Structure formats: C-alpha cells, structure tokens
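Here's the structure we're looking at; comments come further down.
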Amino acid sequence: MARKNRKRFFEQLEVIDAGAKGKAIAKAPDGKVIFLSNAVPGDIVDVQTFKKRKAYYEGKAVTFHTLSNKRTEPQCEHFGVCGGCKWQHMGYEHQLYYKQKEVTNNLTRIGHIDLPEVAPILGSEKQYYYRNKMEYSFSDNRWLTQEEVASGQDVGDRNALGFHIPGMWDKILDIKKCYLQAEPSNTIRLAIKAFAIKNEMEFFNTRNQTGFLRTLMIRTSSNGELMVLIQFFREDVFKRTSLLEFLKTEFPEITSLQYVINSKANDTIYDQEVICYHGRDHIFEEMEGLAFKINAKSFYQTNSEQAYELYKITRDFASLTGQETVYDLYTGTGTIAQFIAKKAKKVVGVEAVPDAIEAAKENAKQNQIINTEFYVGDMAKVFDEAFIAKHGKPDVVITDPPRDGMHKKVVGQLLDLEAPKIVYVSCNSATQARDLAILDQKYKVVKSQAVDMFPQTHHVENVVLLELR
Ligand code: SAH
C-alpha cells in the first residue's frame, strides 16, 4: 500500500516562538506545532513541512512575507549550512529572552516548580570569539555548495578542513572563517590547510578510511597560551615532521605543539597516546589567581569568561562562611571545588574520569589548596552511605552533571542525605527540571539564575539553589 504523502504546505503563518534544539515555532491550522529550522519569531512565512509526527511537524520556511524585527544580519558566511551558531540571525537580546523562557518553561512544565523570582539571564560580554577550544576535521570529501552542484562543472579541489555537516558523518564543510575562537585560530587553520595541499598531504576519507591528516584541535587560554594538536591517521615521518616544523617556525607563539597517530576507525583521542613535539604538553588557564593545567585530554569549560561568572554565581548561591563541608559532584578537573575552597572548611570532589581527578589533585597542589579531596568513580555507585560516613555529612552539595542530568540513584541519595543546601548547575534545564521534580518532596527552589555560555546557539546553563524544606 502506498504511504500517504505527509508533506504539507501552509501559507502565511506567524512564527511565534523559539526554543528547544534551536528551532523556531509556528502553529499549523490544525493546531499542531511546526518546528522550523530557518525562521525567527515575528517572521510571517509560508511553510513546507517534511516530517509529520504525532504531535508536531518539522518544516522549513520557503517564502518570507514579513521579516521579524528581531532579526539581525548573521556575521558568518557559513551560517545556515554549518551546524554551529544557529541563532546568528536573531539579535542577541532576543536570543537571551528565548533562552530564559526555555529555562522557565522547563522548570515550570517539567519540574512543576513554584519558581521564586528569577534573576534575569546573564548574557556573555563576548558574543563571538568566546570559545577556548575548537576541533576541526580534515576531509577529501568537501561539502559542495548548491551553486557548485548546480553548475555541473568540475569543482576542482575537494579538500576541506572544517566542521561536519549536521547529520552527515562523512561530509565536511570547509571553513573560511569561524567566529568562535579568537586569532590566531583562523590563521593557523588556514595556514595548515594551504601547507598540506602544497605539500601533497592527503586529507582523510572517512568512508574508505584512507588519508594522512585527520583532525586539528586548537586551544587558547585567557593568558595567551596556545595549544595546537594534529591527529594523523598513519605515520609518515617526513611529512609529519615537515608540517610540525612549519607550524613551529611560522607560529612561535604556540606554547604546546602536539600530535597523535590514530589508525582506529573513530577519531576520539581519549584512548590514544598524545606526543608532544614542541614546547609543553599542556597550557594554563587562570581564574582568580588559581592556575588550571590543561592537557590535550582535559575538560575545561569552553567559554572561560562566562565560566568565571557561572562559578561566582555558584559560590554566591552556596553562601559559604568557611565552616562548611561541601561536596562537589561531577567535579571534572576540580575547578569549582578549588574555586570555592578558600570559603569552605573542606571540599570533596567526585568525578568518573580518572585523568580528570589526577589533574584536579595536581592543580590543587600547585594552587596550594589543602582542603580539597578528590575521588574517582561513577556517581551512582560511589556516592553511598559509606562515602558519606567517611567524608562527613555535607552542609552544601554542589552538583554539575552532564546533559543527561543525575542518575535516579544519585537523586535518591541526595534525598536521603538531607544536606541543608544544594546548588544544582545544569547545562540542560529539561533534565534539571526532571531531577528537581523528584527533589521537590524535600527541597524548595529558592533561587534560579540562567547564564549564557554559548551566544549564537540555543544552549543555556542554569543554576538553582535548593533549600531543605
Ligand atoms: N564541574 C566541572 C565539570 C562539569 S561537566 C566544571 O565546571 O568544569 C560534567 C562532568 O561529569 C564531566 O567531567 C564528566 O566526566 C562527569 N561525569 C559524567 N558522568 C558521570 C558519572 N556517572 N559519575 C561521575 N562523573 C560523571
């Protein structure tokens, strides 16, 4: 039996909202919501849908009758094709408005929370060039523009160094200029690409698993340190050395020049040996006089300036006096733990990644902090009664889980623990709301503050203070 054609066309719809996953929202005449990838609230558009689900459509605006006054000109020439920075076409104050709204909606609709007066979202001073880490992929299968395809002509060079096209694992968009990381990031990327082409170095082919150059990572720190890491698919001493020597000579400002030779199918470097070619195998980030050592595998918040704001809010919410035992759950490299240590009696950090805990201990030592302790383990397993008996009942728990939120067992343990205060830092207010709904039986939300770490995207961080009822 032929399937019903589920594509629909709707005329003259007003775009009314923006939210989850960065999509704009309109309402179809049948009352269903339509998620649009290319519109801004206030636009009046004709819509072509391409997917129908039970409760909503997915579609695209194909004719724009009125353009919203919330629009602004995207800075980037790759806007609309690149998967990053999807909200560049919306003025920053409107981005903030919709982020705030998303958090409030999630906390009230999913969390059923009686919200206290919510502090206005804290915007990022830098709206571009705010990231300290970028990762690019080499490919010999460059994504072609519609014009190139339409021309029917031989497009010549198919090499690319850039980002994956959303949803296409083997197609890379060649990036001319990215607005996310400050110079010399773009200059270095372009110089590497030009040098590699001139010297006939093969770019990777994901489908066939062939080629030489695989990925490029560039990390910068607020005190001007710079890490460049190149991942090769196989060893070729002559070519590898010539590229690394070129970088060393051409960019003497590189603090840490490293490489990986990874012949696995996937390109994550976490299980690979990272080799330092020149300089140190790490850079330092600084915050309020504390130094954090960052190696190629370390996690560090990618917007350093806003991380500082986020941590200050977290510390304020914890309102420490110096007498408290604090738990810092999902501590990563122990940044929050060290940041608050001066104001607490003791901070106990827990984290699943052993390397991160090693770095946390080392950083604490370098920073001459003596009242932090760090433990490795899966939170759902480690954080039990024996752990609490050993470390003492906390006065404050800070928790900063990944996007999935906290494991049910961890939430259950928090309920049994009955710490007077919990500060919940979240990068996903939907899972935060889900966890708050469970905590609600014993805890009241007394403060909530959203922080924008990622301008031009829909992502938003939210910090909540909970007090025992
Ligand atoms: N608070 C830190 C890191 C937050 S990111 C900072 O601000 O830098 C969340 C952290 O949770 C990551 O470091 C991740 O490795 C860790 N994590 C994820 N799942 C975990 C689990 N099940 N148990 C313990 N830690 C986990």
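The values are calculated or read from the model by the stated rules, or taken from the named source; none is laboratory data. In this text the structure is predicted, and so the values were computed from the model without any measurement. So basically every Cβ, Gly included, is an ideal-geometry build from the backbone, and we count neighbours across all protein chains shown.
Data table
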| read-out | value |
| --- | --- |
| When residues of region 371-410 are limited to those that are among the aliphatic types (A, V, I, L, M), more than 10 Å from the ligand (Cβ to nearest atom) and surrounded by 19 or more Cβ atoms within 10 Å (Cβ to Cβ), the one nearest to VAL353 (Cα to Cα) | VAL397 |
| Flag if LYS421 is of a type in the set (Lys, Arg) and free of Cβ contacts under 8 Å to residues at least 40 places away in the same chain | no |
| Selection from region 71-113 of residues that are hydrophobic (A, V, I, L, M, F, W, C), under 30 Å from LYS442 (Cβ atoms) and part of a helix (DSSP H, G or I) | VAL103, LEU107, ILE110 |
| Residue identified as assigned by TED's automatic domain parsing to the domain that holds PHE454 and crowded, with 18+ Cβ neighbours inside 10 Å among ILE313, ILE294, ILE283 | ILE313 |
| Meets criteria (modelled with pLDDT of 95 or more, away from the ligand (no atom under 13 Å from the Cβ), in contact with a helix residue (DSSP H, G or I) (Cβ under 6 Å, 6 or more places away or on another chain) and among the aromatic types (Phe, Trp, Tyr)) for TYR311 | no |
| Residues of region 314-357 classified as assigned to a loop (DSSP other than H, G, I, E, B), within 13 Å of the ligand (Cβ to nearest atom) and either over 20 Å from the mean Cα position of the chain (by Cα) or at negative phi (or both), total | 4 |
| Count of region 414-430 residues which are away from the ligand (no atom under 12 Å from the Cβ) and surrounded by 15 or more Cβ atoms within 10 Å (Cβ to Cβ) | 7 |
| Per-region count, region 286-312, residues polar (S, T, N, Q), within 17 Å of the chain's Cα centre (by Cα) and not in a loop (DSSP other than H, G, I, E, B) | 2 |
| Filter pass, ILE218 being in contact (Cβ under 8 Å) with a residue 24 or more places away in the chain, more than 22 Å from ARG234 (Cβ to Cβ), of a type in the set (A, V, I, L, M) and buried (at least 21 other Cβ atoms within 10 Å of the Cβ) | yes |
| Test: residue in region 26-34 that is closer than 14 Å to LYS70 by Cβ and part of a strand (DSSP E or B) | no |
| Members of region 433-453 that are basic (Lys, Arg) and in a strand (DSSP E or B) | LYS444, LYS447 |
| Region 364-391 residues that are assigned by TED's automatic domain parsing to the domain that holds LYS342, paired with ones that are more than 16 Å from the ligand (Cβ to nearest atom) and not β-branched (Val, Ile, Thr) (beta carbon under 6 Å, 6 or more apart) | ASN371/LYS346 |
